[in-house]
Amino acid sequence: MRQTRHIFMKDVRYLRYQIVLVCVLALGLIWGATPGPRQLIGSSGPIEILLIAAANFMIARLIHAEAIPGDRQFWVTRPYRWKSLLMAKLGFIAVFVHAPVLLAHLFIVMLNGFPLWPNIPGLIWSQVLIIAFVSLPVAALASMTRGLVQFVIAGMTVIAVVYGAFYLLPGARATLGPIDWVRNAIAFLALLAIALFALYWQYKTRRTTLSRIVAISALGIGALVYLSVPWPLAFAVQAGLSKEPFDTSSLQVSLEPLIRPWVGPGGVRALEIMLPVTVRGIPPNLDLRADGISVSLRSTTGRTLQWHFYEPATDSRTESEAKMLLLRNVTPISSAEYDVLQQGPFTVQVALFLTAFGKPRAQTIALQQHAVNVMGGLQCFEAASNRQGDVLCRSAFRWPSSLIDARVMGSTASSFTQFISYSPFPATLSLHPVETRWASAYTATKPLEVREVTISIKEPTAHVRRDFEITGVKVREHTGAKQVYRGGRKTF
Amino acid sequence: MSDALTATDLRKQFRNAVALEHVSLTIPAGSVFGLVGPNGAGKTTMIKILMNILSATSGEATVLGVNSANLGQDDYCRIGYVSENQDMPDWMTVSYFLRYLKEFYPSWDEKYVAEVVRQFDLPAGRELGHLSRGMRMKVALVSCLAYRPRLLVLDEPFSGLDPLVREDLIEGLLDIAGETTMFISSHDLAEIESFASHIGYLDRGILQFSEEMTSLSSRFREVEVTLDPASVVAARADWPASWMRPESSSAVVRFVETRFDPERTNGEIRRLFGDVKHIAVNPMSLRAIFITIARSGLKAA
């Protein structure tokens, strides 16, 4: 402990100017995020970038003060205990990187009028995410490099490889929509494990070559796992976590698929899939949302084509106790796929992933320019740029996983529900702890001074998968006239 | 007397290059061992293996009775290591560097440090990065002498230093000679000669010999044999193996005897040349011995 403290104090002296810089930038983060609602949208972006750069630079210099690789460092023949050295470094990161950011988050949340206690889990979890995704990987990378030049080159290489894979690998950019958090949890665990192993192994054995090989291999394997997590598996994880307060077997789901390939201008080929879905047997006060569809066409010759759509474009209405969803997606296809589609008939398999939302709550507030606390950890206010009907709501550390609507008196409801995440964790990875979203609730009929907004929230309560198989489906080319084959109908 | 340092069949290979080839040696406690050899001989590699900075490809070494691969915190409290190319924390001032290291060593002698700092004329408030090479070596040496190590390992401590600084360093070392075992690698044969008790010669990764200084000095002699003018000397193929670089010109034969013994050497001479007119035997400096060995490329042991 004494040695840990001694090394820690030496590093404080060594990095005193960087410490001041990080603290000043953390203050800047507070300043950029608190003066008023208008400041909350993107104004602290440059400060966040500077803070990330300054903190990472400081972590790299901290680790390189007692660099691990190499055979010329003065400290390797001095009576350092590896555990003391590692603890001193981690302690420094905790005190001079995480504590300033945590305090900045705390002040931002409090100064913006969010209640403190309900946001403590978010406050802590946001630090856990920064540890796993930023500070520990940066420390681990620094521990495997000799100095700043090597660190920057290695860091740029990692970033280039990640971005290269992101743009070049098929499907790498596709997200799993509201259940993307399952993949992110894998990335979280993989990065945390790799960083912890690299730090432990480097400080204990100083066998850098082995550490580098293990870290690169594990990163590659982790990336492959991340990219290959199938939607059904992620959805099964999500469904396993939901409490399902009603018997989902009572839901009757039917659909009539319309599948038509067509050739657009310039010979671009595409496939349009339309799935009118009817759901009956929905308990009262429950709403449904389609999170994804998986469609597979299998020809009699055994050729199979598959598509997965997450968060498909949806129109919904309710008619005599039945929920009607019209799911539609258009996807570009290759010439080969187009040719296969001419071969019918097909067996069409559809997997439909639905989420039920319940426990509705609503609260009406006077729409003002300053934020007003409403239920569910939300604050809502009027958009300064457009007083005719835009509503802004914000929440601390993450946007809720609920369906949230804003209805200004007399207008139709406008939804905040795009891009929600069903993640069970109380924060997302961000230096800015407040997430703000916009909904248009335009009404031309009401004067501004009497405007009120009703915020309604429905929470996800169940995640349901339904599978369909329809045989003998023929798919024909769309030639301008409506030549579509309407597949068979099946109800489960 | 127990051994402060041993190496057994030590071998180190860097990809295709062999840096050390089955090196075995023993250094008794309390001795001053000088490891000499040309550039690239493997001296620094050997020291780094002994200090657990590098690992050996095969073989093993012990340092103060501990396997060098297992040297840990307690062991480094008893070992001092100073190298010409060691990276120092350049941002630290001399006084802060010494204050910082003090906490790591229970036996740190503050009074002694103050004395040596004064003796070495070290600028306490100057950052290490702003010191000359000689000053940095002095600071490194002070930081090791301060805790009175049982073993002091110095890798090329005198290389490129001006004579005054060398003198200071040697004085500092002489202060602790006897109570501390010293292992010094150096090109500077004159300095090594002045205080080494044992010497080893490493060439292309092979330890040519390792022995006491007195033994080395006594067994190497420059011999000049003047023959009777009547006898003509031709280069002979059967020179004794212990004769290095034999040369002959008219009636004079010169060579370096590597296992000098008056009786045996005279016997060899008379066996080869019969009655000779005169035999001159001259002692050799360490420098002359190593130049002879290096140029002959022969194993001298």
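For (1) aliphatic (A, V, I, L, M); (2) touching a Pro at 6+ places or on another chain (Cβ under 8 Å); (3) open to solvent by 20 Å² or more (accessible area, probe 1.4 Å), each residue gets a yes or a no:
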{"residue": "B:LEU35", "(1), (2), (3)": "yes, no, no"}
{"residue": "B:PRO38", "(1), (2), (3)": "no, no, yes"}
{"residue": "B:THR45", "(1), (2), (3)": "no, no, yes"}
{"residue": "B:LYS48", "(1), (2), (3)": "no, no, no"}
{"residue": "B:ALA56", "(1), (2), (3)": "yes, no, yes"}
{"residue": "B:VAL63", "(1), (2), (3)": "yes, no, no"}
{"residue": "B:CYS77", "(1), (2), (3)": "no, yes, yes"}
{"residue": "B:MET88", "(1), (2), (3)": "yes, no, yes"}
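I want to confirm something. Restricting to the stretch B:274-294 and keeping residues that are over 16 Å from B:LEU202 (Cβ atoms) and modelled with pLDDT under 80, which single residue is least open to solvent (accessible area, probe 1.4 Å)?
B:GLY274
If you check B:THR93, B:THR57, which single one turns out to be without any contact (Cβ under 8 Å) to a residue 60 or more places away in the chain, away from every other protein chain (no Cβ under 14 Å) and in contact with a Lys or Arg (Cβ under 9 Å, 6 or more places away or on another chain)?
From the options B:THR93, B:THR57, the qualifying one is B:THR57.
Please find, among A:VAL24, A:VAL76, A:VAL20, the residue that is surrounded by 18 or more Cβ atoms within 10 Å (Cβ to Cβ) and of a type in the set (A, V, I, L, M).
Exactly one residue qualifies, and that residue is A:VAL76.
Would you confirm whether or not the stretch B:108-126 contains a residue that is open to solvent by less than 20 Å² (accessible area, probe 1.4 Å) and within 12 Å of chain A (Cβ to nearest Cβ)?
No.
How many residues are open to solvent by less than 20 Å² (accessible area, probe 1.4 Å) and either within 20 Å of the chain's Cα centre (by Cα) or modelled with pLDDT under 90 (or both) if we restrict to the stretch A:133-172?
2
Among the residues of the stretch A:68-98, which ones are facing chain B (nearest Cβ under 8 Å) and under 23 Å from B:GLY129 (Cβ atoms)?
Just the residues of the stretch A:68-98 that are facing chain B (nearest Cβ under 8 Å), to begin with: A:70-74, A:76-81.
Result: A:GLY70, A:ASP71, A:ARG72, A:GLN73, A:PHE74, A:VAL76, A:THR77, A:ARG78, A:TYR80.
Pairs please, first residue from the stretch A:176-194 and in contact (Cβ under 8 Å) with a residue 12 or more places away in the chain, second anywhere and open to solvent by less than 20 Å² (accessible area, probe 1.4 Å) and β-branched (Val, Ile, Thr), Cβ atoms under 6 Å, 6+ apart in sequence or on different chains.
A:PRO178/A:ILE420; A:ARG183/A:VAL229
If you check every pair at least six apart or on different chains, which have Cβ atoms under 8 Å apart with a residue in the stretch B:62-83 that is within 8 Å of chain A (Cβ to nearest Cβ) first and a residue that is open to solvent by 30 Å² or more (accessible area, probe 1.4 Å) and part of a loop (DSSP other than H, G, I, E, B) second?
Once the first residue is within 8 Å of chain A (Cβ to nearest Cβ) and sits in the stretch B:62-83, its partners that are open to solvent by 30 Å² or more (accessible area, probe 1.4 Å) and part of a loop (DSSP other than H, G, I, E, B) give B:GLN73/A:ARG81; B:CYS77/B:PRO106; B:CYS77/B:SER107; B:ILE79/B:ARG150; B:SER83/A:ARG72.
Within the stretch B:171-187, which residues are part of a helix (DSSP H, G or I) and open to solvent by 10 Å² or more (accessible area, probe 1.4 Å)?
We begin by selecting, within the stretch B:171-187, every residue part of a helix (DSSP H, G or I); these are B:171-176.
Across the stretch B:171-187, the qualifying residues are B:GLU171, B:LEU174, B:ASP175.
The values are calculated or read from the model by the stated rules, or taken from the named source; none is laboratory data. Worth saying up front: this structure is predicted, and the values here are computed from it rather than measured. Neighbour counts run over all protein chains shown; Cβ positions are idealised from the backbone, glycine included. Areas reflect the complete protein model, heavy atoms only, side chains present, ligands, DNA and RNA absent. Shrake-Rupley method; radii C 1.70, N 1.55, O 1.52, S 1.80 Å.
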